[in-house]
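Only one structure is covered here, and it is reproduced in the block below.
The values are calculated or read from the model by the stated rules, or taken from the named source; none is laboratory data. Note that the structure is a prediction, hence the values are computed from the model and not measured. Note that each Cβ is placed from the backbone with ideal geometry, even for glycine, and that neighbours are counted across all protein chains shown.
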Amino acid sequence: MSDRPPQLAHLDFLGDATRFSTQLHALIPKCALLENFTPGEVRVLAQFMDVYRAPEGVEVIREGEGGD
C-alpha cells in the first residue's frame, strides 16, 4: 500500500476492515456517533478503514503526536 502512514510501517498491514465488520458492529454501542449504524452500513464504512496487527507491547499511538 503506497499511502500507508509511515508511523504504522512497523505494523503488519491486514487490508481493509471489511472482513472485521461484525466485530466493528459489536463495538458501535460504545460510540455514540455510530450507535444507529446497521450491519450493512458498518460494512460500507469498513471499506474505508485499514486494519493493522501490532505485537503486544508495541507503541501504536504516542500522546501528543499529530495524525488522522
Check your understanding: Are any residues in the stretch 28-53 exposed (fewer than 15 other Cβ atoms within 10 Å of the Cβ), under 26 Å from residue 64 (Cα atoms) and at pLDDT below 85, and if so, which ones?
Key -> 30, 31, 32, 33
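Return a yes/no flag: does the stretch 20-35 have any residue that is assigned to a loop (DSSP other than H, G, I, E, B) and on the phi < 0 side of the Ramachandran plot. Write out each step before concluding.
Of the stretch 20-35, the ones assigned to a loop (DSSP other than H, G, I, E, B) are 31, 35.
Retained after the next criterion (residues that are on the phi < 0 side of the Ramachandran plot): 31, 35.
Looking for residues that are assigned to a loop (DSSP other than H, G, I, E, B) and on the phi < 0 side of the Ramachandran plot, one finds at least one in the stretch 20-35, hence yes.
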Review point. When both residues are 6+ apart or on different chains and their Cβ atoms are under 9 Å apart, which pairs have a first residue that lies in the stretch 25-51 and is closer than 27 Å to residue 5 by Cα, and a second that is among the basic types (Lys, Arg)?
Key: 25/43; 46/19; 50/4; 51/19
Point to revise | Selection within the stretch 11-26 - over 11 Å from the mean Cα position of the chain (by Cα) and surrounded by 14 or more Cβ atoms within 10 Å (Cβ to Cβ) | key: 11, 25
